[in-house]
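Notes follow once the structure below has been shown.
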Amino acid sequence: MNRLFLLILAVALTATTAPLHAADMPRALAGFTLGADVEQYKDRLRMRSDLPVRHMECIHELEIKETPGYKSGLVAYGTCAEPGKILRIKLKYANPTRRFYEKLLDRFTSKFGKPVEWRGDPFHIVIAWKWSFEDENGERLSMILQHNLKDEDEKMGNSVKMTLTTRIHEEIACFEKKHGHKEAAADLRKKKMDEAEWDELIPQ
């Protein structure tokens, strides 16, 4: 009986975490489209804000200019596998309230179905739900809707993030192949350190 219960539970969990249908896969947010060339939005982006993402130099981010309904945002694009193509859109809503988040969540669920994964913390200080999609070509996209008003380590207020995860991985693989090594930060985390080096990492 216990084995049967575990089998049913495993099937149920697989069903809830499976990617949603390609027909429901979103591509655009606030007028920005994933996979499009970042240059076509240069009038809506602060081009001088261009910076590489920490630990992922092959991906750069640009700040968005004032956009109705949003307080701020970042658009990320690749520089290796598909230079200039938008890979991620992260936007913070102008309305930071929990009530607004609940309305957003209802609308997201109505349009895309129930989220497949909880990404918040156990105490619900940060509330975050994730949707996963996969199209007919195997391209995957993740979408996270988050609410946070207390955890200062997270972006405050309400935010949404859409990411072409398949293309992010392709960019990283392209960068590592082109440069022949992984990023220095990753190597630092993996290497064996002696006691003198450990002292630099511990409060004195």
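How would you rank 46-54, 137-145, highest first, on the average number of other Cβ atoms within 10 Å across their residues? Mind dumping the intermediate values first?
Details: 46-54: 11.7, 137-145: 17.3.
Sorting 46-54, 137-145 by mean packing, highest first, produces 137-145, 46-54.
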Legend entry - Stretch gain in nm, segment K71-D37, where the contour uses 0.36 nm per residue and the Cα spacing is subtracted: 9.9 nm
Inset, instruction - Rank I127, N148, T97 by how far each Cα sits towards the positive end of the charge dipole of segment 20-179 (+1 on Lys, Arg Cβ; -1 on Asp, Glu Cβ) and give me just the farthest. - result: T97
Inset, instruction - Using 0.36 nm per residue of separation minus the Cα-Cα distance, give me the extension gain between T165 and D135 in nm, one decimal. - result: 9.6 nm
Inset, instruction - Give the calculated FRET efficiency between R98 and H55 to the nearest 0.05, with a Förster radius of 35 Å applied to their Cβ-Cβ distance. - result: 0.65
Legend entry - Footprinting exposure proxy for W131, W118 (fewest neighbouring C-beta atoms within 10 Å first): W118, W131
Legend entry - Computed E for K114/E176 - FRET, C-beta separation, R0 41 angstrom, nearest 0.05: 0.70
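The numbers here are math on the coordinates, done by the rules we state, and not lab data. Not measured: the values here are computed from a predicted model. So basically every Cβ, Gly included, is an ideal-geometry build from the backbone, and we count neighbours across all protein chains shown.
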